[in-house]
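This report concerns only the one structure given below.
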Amino acid sequence: MKLLPHSLLLGATWLLAFLPCVMDWPQRWLGAQVSLLPPLIVYAALSCTPGWMMLLALAGGMLADALSCNPLGSTTAPLLLIGVVVLRNREVILRKETFAQVTLGLAASAAAPLLQVLLLLTFGYEPLVGWGSLWPWVFMTVAGGALTPWLFRGLDRLLGAVTYPTATGQGWPMARDIVRGRH
């Protein structure tokens, strides 16, 4: 991938970090917000190089922390961990399958808040966690899993519009018989 697709992914990271601030109706109506940063990191881990995936996790985590009451960096570490786990297993993940996308979106959306709470508890913070936190976590997990295929298709379409398609075969037929010598 070249610079323009990476810039578009950075723009998508910025947009998905600020989207919960602009769209506050899920918080008002349902009592929970949707975070699409974990599915974006799954997409980046399956599509980009490790360096770009880490840059997207760092930028997305810092932007999300800047807009919340969380300590700076508490979202970055879970996003990086999710990205590294997916990156290490991307050879066996069926990237184009909807079931795999939903499963990875569910897992990433469930793991990110749990890892964030674990990180905050490890460093001595006292996050507001109780039985009332169960509904937002379940909603975030299900919504993240359901929206992951839409995110994959949208980003694939966006990046496909600005990049050349990859060549699938060779430029010459393989059935050609090359005869050497005098004939």
Among the residues of the range 89-98, is there at least one that is among the hydrophobic types (A, V, I, L, M, F, W, C) and within 13 Å of the chain's Cα centre (by Cα)?
no
Under the condition of being hydroxyl-bearing (Ser, Thr, Tyr) and touching a residue at least 12 places away in the same chain (Cβ under 8 Å), which residue from the range 63-75 is surrounded by the most Cβ atoms within 10 Å (Cβ to Cβ)?
Thr75
Residue that is modelled with the lowest pLDDT, among those in the range 109-153 that are among the polar types (S, T, N, Q) and farther than 30 Å from Gly11 by Cβ
Ser133
Considering only residues that are surrounded by fewer than 16 Cβ atoms within 10 Å (Cβ to Cβ), in a helix (DSSP H, G or I) and not polar (S, T, N, Q), which ones fall in the range 86-119?
Arg88, Phe99, Leu114, Leu118
Out of Ala45, Ala12, I need the residue that is in contact with a Lys or Arg (Cβ under 9 Å, 6 or more places away or on another chain), of a type outside the set (Lys, Arg) and touching a residue at least 12 places away in the same chain (Cβ under 8 Å). Which one?
Ala45
Condition check for Pro78: surrounded by 24 or more Cβ atoms within 10 Å (Cβ to Cβ), closer than 30 Å to Leu4 by Cα and more than 11 Å from the chain's Cα centre (by Cα):
yes
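This table checks each residue for (1) farther than 20 Å from Pro5 by Cα; (2) at pLDDT below 95; (3) in contact with an Asp or Glu (Cβ under 7 Å, 6 or more places away or on another chain).
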{"position": "Met23", "(1), (2), (3)": "yes, yes, no"}
{"position": "Arg28", "(1), (2), (3)": "yes, yes, no"}
{"position": "Ser35", "(1), (2), (3)": "yes, yes, no"}
{"position": "Pro50", "(1), (2), (3)": "no, yes, no"}
{"position": "Leu72", "(1), (2), (3)": "yes, yes, yes"}
{"position": "Ile82", "(1), (2), (3)": "yes, no, no"}
Residue tally, condition in contact with a helix residue (DSSP H, G or I) (Cβ under 8 Å, 6 or more places away or on another chain) and under 12 Å from Leu46 (Cα atoms), over the range 86-107
8
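Residues checked against (1) of a type in the set (Asp, Glu); (2) exposed (fewer than 14 other Cβ atoms within 10 Å of the Cβ); (3) over 22 Å from Leu114 (Cβ atoms):
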residue: Leu9; (1), (2), (3): no, no, yes
residue: Ala17; (1), (2), (3): no, no, no
residue: Gly31; (1), (2), (3): no, yes, no
residue: Thr49; (1), (2), (3): no, yes, yes
residue: Gly61; (1), (2), (3): no, no, no
residue: Val84; (1), (2), (3): no, no, no
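The values are calculated or read from the model by the stated rules, or taken from the named source; none is laboratory data. Model, not experiment: these values are computed from the prediction. For neighbour counting, all protein chains shown are included, and Cβ atoms are generated from backbone atoms with ideal geometry for every residue, glycine included.
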